[in-house]
Amino acid sequence: MTSARDDILANIRRSLGVNGAERTRRQIVDERVDRAPRGVIPARGQVSGRERVELFRRQVEASLATIAEVASPAEVPGAIASFLRDHNLPATVRRGEDPRLEAMPWADTALEVATGVSAGRDLNAVSHAFGGVAETGTLVMVSGPENPSTLNFLPDNHIVVVNARDLQGDYESAWAKVRMAFGKGEMPRTVNFITGPSRSGDIEQTLLLGAHGPRRLHVVLVGG
């Protein structure tokens, strides 16, 4: 019994007159994957140090997200508690098993913290980003039990922690860092690039937040 995917790929191969096992074609693909050629890189993100942090902040805010800076990981739970309080949200969060989050002093706050994937009933989630892209204020999220992808999409309010040292200037540099961290054949199941809260303007050009995911995205930048 074949799957719909198998049927689609078989139809594509038939139209191309190939069977997918041709040695030359497979070699071309392997060589391209090994080289991972870089695309066009805009000049905007080619800054470093504090300039990169400031660019990231501006782009995050331009994407309708909010951002707060803290000096150390120990200040993260307090910053999250302040964000929830300022927006009149309950002091509850769900996070994954990321050891960086686990080591933070959550007990110093009144936050009620749950761990694991979201089943869709959580109002607030906290994730730790793999990195960020200053060019567009984008967060790079890799999937796994440390930071489940369900936390990226199901809760109404998504709070993402990212270290300033993990900010890259452009997408190509971010991808290079992912490849270096995981290695060929060991990539995470998904890599999500998140820019701002979920939104749609399809209906009469009216912007609707939370159309396909969180209606709020708040970034906590550590060590800027």
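Some values worked out for this structure:
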item: Prolate/oblate/rounded label for the stretch 108-185 (Cα gyration tensor, a/c 1.5); result: prolate
item: Mean separation of Cα contacts under 8 Å, 6 or more apart, over the residue count of the chain: relative contact order %; result: 24 percent
item: Neighbourhood net charge (13 Å Cβ-Cβ; Lys/Arg +1, Asp/Glu -1) for Gln27; result: +1
item: In nm, spacing of pseudo-spin labels at Arg165 and Arg85 (7 Å Cα→C-beta vector); result: 3.0 nm
item: Translational diffusion of the stretch 140-194, µm² s⁻¹ [Kirkwood Rh, Cα pairs; Stokes-Einstein; 37 °C; 0.692 mPa s]; result: 265 µm²/s
item: Label-point gap, in nm, between Ser15 and Glu186 - each point 7 angstrom along Cα→Cβ; result: 3.8 nm
item: Translational diffusion of the chain, µm² s⁻¹ [Kirkwood Rh, Cα pairs; Stokes-Einstein; 10 °C; 1.306 mPa s]; result: 82 µm²/s
item: Of all DSSP beta bridges in the chain, antiparallel share, percent nearest 5; result: 25 percent
item: Shape category assigned to the stretch 23-150 from the gyration tensor of Cα positions, a/c cut at 1.5; result: oblate
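Computed from the coordinates by the stated procedures, all read-outs in this text should not be read as laboratory data. What you see is a predicted model; the values in this text were computed from it and never measured. Glycine also receives a Cβ, built like all others from the backbone with ideal geometry; neighbour counts cover every protein chain displayed.
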